[in-house]
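Colleague: Pasting in a structure now, in structure tokens, and then I'll have a few things to ask.
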Amino acid sequence: MEMWTDIVIAAHVLVAFAIIGLVLLQHGKGADMGSGFGGGSSGSLFGATGSANFLSRATAVLATVFFLTSLGLAYLATNKPKSSGGVLDAAQKELSAPAVPAAPAAGKPAAEGATEAPKAGAAVPAEASKAKDVPQ
């Protein structure tokens, strides 16, 4: 479900930028206002209203897609599966994973070192992590 949310957000942002670009490319109706006072072929005060061109139709289509992605994001946000806890709870679960038992110290016998268990949340000594990395 999270993958679909990411896809819809990406499409939503791309459509928003496309709408901004198309609106900035279009010629506004108010720009022809001066021609209504004797300097052009316009018969009305706010310019001639002709049929819609490609830019205005593309803007209308992108606006429809923008509204549909908005509705899709609202649906995906309200129908999320409920997780138990928040971000901090998930981080604490990762930290409380079973700790790796420490290797016995060089001077202690193996039986004595095996009886000591590391405390929960305690750091593993550097010698223990190095001993795992070295192939035998």
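Colleague: Would you call Gly30 over 29 Å from the mean Cα position of the chain (by Cα), loosely packed, with under 11 Cβ neighbours inside 10 Å and modelled with pLDDT of 60 or more?
Modeller: Values: over 29 Å from the mean Cα position of the chain (by Cα): yes; loosely packed, with under 11 Cβ neighbours inside 10 Å: yes; modelled with pLDDT of 60 or more: yes.
Answer is yes for this residue.
Colleague: I'd like the full set of residues that are more than 14 Å from Val23 (Cβ to Cβ), open to solvent by 70 Å² or more (accessible area, probe 1.4 Å), aliphatic (A, V, I, L, M) and at pLDDT 90 or above, limited to the stretch 47-87.
Modeller: Leu68, Leu71
The values are calculated or read from the model by the stated rules, or taken from the named source; none is laboratory data. Remember, predicted model here, so these are calculated numbers, not experimental data. For neighbour counting, all protein chains shown are included, and Cβ atoms are generated from backbone atoms with ideal geometry for every residue, glycine included. Ligands, DNA and RNA are excluded from the accessible area calculation, which covers all protein heavy atoms including side chains. Shrake-Rupley method; radii C 1.70, N 1.55, O 1.52, S 1.80 Å.
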